[in-house]
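Visitor: Attaching a single structure in structure tokens format; questions to follow.
The values are calculated or read from the model by the stated rules, or taken from the named source; none is laboratory data. Everything numeric in this text was worked out from a predicted model, so none of it was measured. For neighbour counting, all protein chains shown are included, and Cβ atoms are generated from backbone atoms with ideal geometry for every residue, glycine included. Keep in mind that these areas ignore ligands, DNA and RNA; they rest on the heavy atoms of the full protein, side chains included. Shrake-Rupley method; radii C 1.70, N 1.55, O 1.52, S 1.80 Å.
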Amino acid sequence: MDKQYKIQVKDLHKSYGDNEVLKGINLNVKPNEVVCMIGPSGSGKSTFLRCLNRLEETNSGHVYIDGYDIADKKTNIDLVRQNIGMVFQHFNLFPNMSVAENIMLAPVQLKKMTKDEARKAALHYLDIVGLKEKADVNPTTLSGGQKQRVAIARALAMKPDVMLFDEPTSALDPEMVGDVLEVMQTLAKQGMTMVVVTHEMGFAKRVADRVVFFHDGVIREQGKPDEIFDHPQHEDTKSFLDKVLNV
Amino acid sequence: MRKHWLIKLLMSLAVLVGFGLVMGRQEPIHAASEPTYTIGTVDSFEPFEIPNNRGTYNGKNPGIEIEMLQQIAKHEGFKYRLKVMSFDATLTALQAGQIDASMGGMSVTNERKATIDFTKSYYDSGVVMAVASNSNIKSLKQLKGKTVAVKSGTSGAIYAKSIANKYGFKIKYYKTDNTMWSDVANGNSAATFDDEPVLRYGIRNGMKLRVVTKAVNSQPVAMGIKKGQNQELLHKLNDGITWMQKTGRMQKLLDKYTKGSASKADSASQRTIPALIKNNAGALSAGLVETLKLTIVGAFLALVFGIVLGVMGIAENKVLTGISSTLIYIFRGMPMIVLAFFIYIGMPGLIGHKIPLFTAGVITLMLDEGAYVGAIVKGGFDAVDRGQWEAARSLGLPYSKALVKVIMPQGIKIMVPSLVNQFIITLKDTSILSAIGVMELTQTGTVIISRNLEGFKMWLIIGVIYIVIITLLTWLSNYVQRKVA
């Protein structure tokens, strides 16, 4: 375990029954680094992301967040999670609450904020994602892009050091994608440590410090965006990029 | 945190059960200076036991055996309290030591003598034949080719079967005296065979029948005590019975219930539906109140129990989910009537402690309906999108907070229609508790009909009361659903 890394993953294995989906993953993420994970469906990238905050239990190996081994039963996973924001493909906003209440829930419950403080903070984060005027509507009335921006604001409200994005734009109509990516790019510029599973190659090229190519449960290749996109070394990488870039 | 939360729920459940125990009907407790015996008796067996409209024996004319016991206790100087149950249950309870003596028109048989010490007999009950009062049948020979009505399981039925071939008649079986007698009085059946006192009592209360034969197959009737136990009580009872017979008190008591004809109260004007409602308004409303009390307390406890089962059912801990699904499986799989018998008649033997009737009823409802509620609650929680859990937990919310703040509000919305439906079913299911003698609306009906023999009209009245209450409940629940949705 090395203190200089925000996230350190050592020889991670994960199986569903006989089906091994992660076959020994090693990955380090430095503070302020933006890592984009690409690869074909079923390559294990989403599962890997979900192992980083223990939404998935691992079979063997270690995941250290800020030096805490999150597979260790003694680690208070709820405390570690407060420091890791997560954004899902299907937003998962709470339909039983207004937009502002979605964002206020965790700060009020966990950071002992008063409702007034939490609401003020919620409006601040809604402002960042450009949806301040939607504070009091029910999330079910929002468009997909708006929902995802609220979900980002909800995660930011806990002031995490790390943000995990699990295909955040895959469920959106094409015209909504830009707004969400823009918010993410702003976050990256402000120095947020981010791990992003994405199919948006343009975003990866533009924003990522490092691109990681997953294939068949292993990291086949990784490097700076131009290395991966312009000079892929591995046949699997080439064939994947051919398919997604030449549509 | 999660355990803390569950403990709170379980504690409130325990408090509520305690509350139910306090609410349960308590028999009066007498001063301790004289011995107090617990006498088990049957919920109705006219004319030996005639419950009032509320199913107790406190009123005037409570029946031959009840009055006999009153007189003997006074003469012999002992106190007693009555425990009311079915006839079969008196025999079980006697052997289990739940009651000191049993009484209920019990025939002395050799089989029973093996486990029971009988008192002196105070009555010989024989089988007689009765026909419609306007019938011209006078003897068994005239029954050839005709149909005879009997109540299954009675000595009348046994006797009829034994002579059916000889006299060439067919037998039709009935479950209640009332329907059987009506069938004969209406001329559908030619005659009936029944215990003489039972028939005489029916005739005295207005049934248009006539007894045409002398009693046969007479069997002595007596009270019973567990073999070898309570010899002091046996002695007192025997002494009292001898005293009553010598002084003519016994004959007077028997005549009171079996001689003579219908009283004035049975005139036709008293048998219209409005008159029946008016005459039984007190009993019917008491029964309705009991039904509603059972429903509300039972449904509330079932809801609490069901939520505990449902929450356990979605826990991450496999032991908890296992317990939950096992309890749901058992209580959903067991007929409620079996559960009621088990709790009211079976449990006291196990825990060495009597369970009041109301409490037994409420616990039955809690377990049976609670199992259904548990399945509904678990289903409701399971129906909430998995992503809701993940989003809540990934924010750092612990399990219990994610459950209470995010999953429960959404799950409840999904389960409300099913819960409302279960509440209405609970109201209907309270009628099953009549089997253990809870004086709710259905049992009230049974008791009233055993007195006035107006089965059709009374069941019509009671059916309508249920429909009205359920209609009101449905309106209320629709209103609640609109509010929640």
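Visitor: Before we move on, is A:LYS205 within 30 Å of A:ILE25 (Cα to Cα), assigned to a helix (DSSP H, G or I), open to solvent by 40 Å² or more (accessible area, probe 1.4 Å) and of a type in the set (Lys, Arg)?
Guide: Spelling it out, A:LYS205 is indeed within 30 Å of A:ILE25 (Cα to Cα), assigned to a helix (DSSP H, G or I), open to solvent by 40 Å² or more (accessible area, probe 1.4 Å) and of a type in the set (Lys, Arg).
Visitor: Now for a different question. Mind telling me which of the residues A:VAL29, A:VAL34 ends up being surrounded by 20 or more Cβ atoms within 10 Å (Cβ to Cβ), in contact with a Phe, Trp or Tyr (Cβ under 9 Å, 6 or more places away or on another chain) and aliphatic (A, V, I, L, M)?
Guide: A:VAL29
Visitor: A further question on this structure: Out of all the residues in segment B:331-346, which are at pLDDT below 85 and either in contact with a Gly (Cβ under 6 Å, 6 or more places away or on another chain) or open to solvent by 50 Å² or more (accessible area, probe 1.4 Å) (or both)?
Guide: B:ILE345
Visitor: Just need a number here: residues in segment A:1-20 that are in a strand (DSSP E or B), surrounded by 14 or more Cβ atoms within 10 Å (Cβ to Cβ) and within 21 Å of the chain's Cα centre (by Cα).
Guide: So the count comes out to 7.
Visitor: Filter segment B:375-403 down to the residues that are small (Gly, Ala, Ser) and facing chain A (nearest Cβ under 7 Å) and list them by number.
Guide: B:GLY387, B:ALA391, B:SER394, B:GLY396 - these are the residues of segment B:375-403 that are small (Gly, Ala, Ser) and facing chain A (nearest Cβ under 7 Å).
Visitor: Turning to a different aspect of this structure: For segment A:116-138, how many residues are free of Cβ contacts under 8 Å to residues at least 12 places away in the same chain and either within 14 Å of chain B (Cβ to nearest Cβ) or within 12 Å of A:ARG149 (Cα to Cα) (or both)?
Guide: 2
Visitor: Still on this structure, I have one more. Take B:ASN188 and decide whether it is modelled with pLDDT under 90 and either more than 27 Å from B:GLU65 (Cα to Cα) or touching a Cys at 6+ places or on another chain (Cβ under 7 Å) (or both).
Guide: yes
Visitor: Among the helices (runs of 4 or more DSSP H) confined wholly to segment B:375-485, which include 3 or more residues that are closer than 30 Å to B:ASN52 by Cα?
Guide: B:408-429, B:441-452, B:455-484
Visitor: Could you grab me the full set of residues in segment B:244-255 that are on the phi < 0 side of the Ramachandran plot and either free of Cβ contacts under 8 Å to residues at least 40 places away in the same chain or in contact with a His (Cβ under 6 Å, 6 or more places away or on another chain) (or both)?
Guide: Listed by number, the residues that qualify are B:LYS246, B:THR247, B:GLN251, B:LYS252, B:ASP255.
Visitor: How many residues, within segment B:40-84, are of a type in the set (Lys, Arg) and touching a Gly at 6+ places or on another chain (Cβ under 6 Å)?
Guide: Of the residues in that region, 1 qualify.
Visitor: Need the failing condition index for B:VAL464 against (1) closer than 19 Å to B:LEU357 by Cβ; (2) modelled with pLDDT of 95 or more; (3) among the aliphatic types (A, V, I, L, M), just the number.
Guide: Evaluating B:VAL464 over (1) closer than 19 Å to B:LEU357 by Cβ; (2) modelled with pLDDT of 95 or more; (3) among the aliphatic types (A, V, I, L, M) leaves (1) as the failure.
Visitor: Taking segment A:86-101 only, how many residues are touching a strand residue (DSSP E or B) at 6+ places or on another chain (Cβ under 6 Å) and within 8 Å of chain B (Cβ to nearest Cβ)?
Guide: The qualifying residues number 2.
Visitor: Moving on to the next point. Restricting attention to segment B:395-412, does a residue exist that is open to solvent by 50 Å² or more (accessible area, probe 1.4 Å) and among the β-branched types (Val, Ile, Thr)?
Guide: yes
Visitor: Check off (1) in a helix (DSSP H, G or I); (2) over 22 Å from B:SER325 (Cα atoms) for B:LEU367 and give me the number that stays unchecked.
Guide: B:LEU367 satisfies all of (1) in a helix (DSSP H, G or I); (2) over 22 Å from B:SER325 (Cα atoms) except (2).
Visitor: Which of the residues spanning segment A:182-202 are without any contact (Cβ under 8 Å) to a residue 60 or more places away in the chain and assigned to a helix (DSSP H, G or I)?
Guide: Answer for segment A:182-202, where residues must be without any contact (Cβ under 8 Å) to a residue 60 or more places away in the chain and assigned to a helix (DSSP H, G or I): A:GLU182, A:VAL183, A:MET184, A:GLN185, A:THR186, A:LEU187, A:LYS189, A:GLY202.
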